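These notes are about the structure you will find just below.
The values are calculated or read from the model by the stated rules, or taken from the named source; none is laboratory data. In this text, all values refer to a predicted model and were calculated from it rather than measured experimentally. Reconstructed Cβ throughout: ideal geometry from the backbone, glycine too, with neighbour counts over all protein chains shown. Each accessible area value is taken on the protein alone, full model and side chains, heavy atoms only, with ligands, DNA and RNA left out. Shrake-Rupley method; radii C 1.70, N 1.55, O 1.52, S 1.80 Å.
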Amino acid sequence: MRVHRADQSITVRALRNASPYIRLFKGKVFVIKAGGGVFDDAALLRALIEQIAILHYLGIRVVLIHGGGQQLTELTAALGVPTRTVQGRRITDARSIEATSMVLNGLINTRILALCRQLEIAAVGLSGVDAGLILAHKRPPVRLGTSDELIDFGFVGDIDAIDSGVIRRHLDDGLMPVISPLSADSRGTLLNINADTVAAAIGAALGAEKLIFCTGAAGILERVDDASSIISYTDLVGLQRLRDAEQLVEGMLPKARAIEDALRGGVRRVHVISYRAPDSILAEVFTNEGTGTLVVADINALTAAEQQAGA
């Protein structure tokens with residue numbers, strides 16, 4: 001009996017092409033931030049964690065930060081608590097901070113850990129509260145832009161410091177930290193922190209090789225009203241140009257600020273990709289072409305091959 005075999009050369013060629021990247025990144029730290037939208041689709045979430053598992057198996061030290069804004073909005077709506085955001089940032093009042101803890105530290109974090117167990121990833125769930133991982137204070141009321149209105153974000157925190165030793169000890173033990181962005185101040189008051197901001201701060205504290213934002217968008221757009229205008233690569237000057245042209249709106253505003261903070265803090269490269277695109281993390285990490293937007297401090301630091309791939 002003759003058994004049909006798939007073309008093995010395709011697999012072998014893919015491995016050969018990926019091998020330089022595997023050698024380059026083995027032992028390096030990747031911080032990956034997953035957006036809340038992916039948690040609404042079991043298939044998308046599994047595909048995302050499967051890709052992260054491959055990085056983990058290859059010896060890349062992965063730290064996964066997760067949001068949960070979409071799920072939090074649904075829960076607070078069910079509880080009769082309205083959601084208000086200002087320039088892409090959520091206002092968290094006394095009634096919604098408990099729901100925030102339920103969603104982030106409970107529902108989302110546990111769901112990820114269950115998938116990690118199924119895929120045989122040795123993962124551990126953390127939040128900013130654990131062992132003083134994220135030191136924060138309550139954000140004071142602020143005046144945004146030219147408005148005279150003072151905005152009180154409620155139980156929202158601004159980061160004072162990251163205790164990277166808490167994460168490094170887990171990484172050294174071969175564990176993958178899965179981190180919720182909830183934290184607390186010195187008096188134990190729970191504080192909600194934007195997950196993009198947390199990812200950037202942790203990436204900088206760890207000196208991460210890469211910070212990867214997995215979002216519902218395919219990347220950063222040159223024109224916000226044109227989904228096909230994905231920017232292949234840009235730098236800090238390019239981000240400021242987009243901001244001045246008002247092409248960064250809503251959730252992309254805090255993300256852009258997080259990208260800038262990460263790069264200025266020492267993260268080498270930041271990627272914005274879609275969790276909807278098949279194998280987007282693997283394509284972004286193991287090919288020159290990638291799938292979304294690569295952001296560096298200065299475009300001149302990109303290799304000729306990377307600039308050619310993004311042309």
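Scanning region 177-199 for residues that are more than 15 Å from the chain's Cα centre (by Cα) and either crowded, with 24+ Cβ neighbours inside 10 Å or not basic (Lys, Arg) (or both) yields a total of 9.
Screening residue 48 on (1) open to solvent by 80 Å² or more (accessible area, probe 1.4 Å); (2) under 20 Å from the mean Cα position of the chain (by Cα) shows it passes everything except condition (1).
Applying a threshold of 6 Å to beta carbon distances and a minimum spacing of six or more residues, or different chains, the list of pairs starting in region 71-99 at a residue that is closer than 21 Å to residue 188 by Cβ and among the hydrophobic types (A, V, I, L, M, F, W, C) and ending at one that is open to solvent by 70 Å² or more (accessible area, probe 1.4 Å) and in a helix (DSSP H, G or I) is empty. All of (1) at pLDDT 95 or above; (2) open to solvent by 40 Å² or more (accessible area, probe 1.4 Å) hold for residue 144 with one exception: (1). Say we look at region 211-230 and pick out the residues that are in contact (Cβ under 8 Å) with a residue 12 or more places away in the chain and open to solvent by less than 20 Å² (accessible area, probe 1.4 Å); which of these is nearest to residue 280 (Cα to Cα)? Within region 211-230, the match that is nearest to residue 280 (Cα to Cα) is 214. Do we find that residue 269 is open to solvent by 40 Å² or more (accessible area, probe 1.4 Å), closer than 20 Å to residue 63 by Cβ and among the charged types (D, E, K, R) in this structure? So residue 269 does not fit the description; no. Just one residue in the set 154, 165, 188, 125 is in contact with a Ser or Thr (Cβ under 8 Å, 6 or more places away or on another chain) and farther than 21 Å from residue 258 by Cβ; that residue is 125.
Going by what's in this entry, would residue 217 be described as of a type in the set (Gly, Ala, Ser) and farther than 13 Å from residue 35 by Cβ? Criteria not met by residue 217. Comparison of 95, 89 shows that the only residue that is at pLDDT below 90, under 17 Å from the mean Cα position of the chain (by Cα) and of a type in the set (Lys, Arg) is 89. With the structure loaded, tell me whether residue 110 is hydroxyl-bearing (Ser, Thr, Tyr), open to solvent by 60 Å² or more (accessible area, probe 1.4 Å) and within 30 Å of residue 54 (Cα to Cα) or whether it fails that test. Yes: the conditions hold for residue 110. So is residue 61 over 21 Å from the mean Cα position of the chain (by Cα) and basic (Lys, Arg) or not? Here the answer is no, as residue 61 does not meet what is asked.
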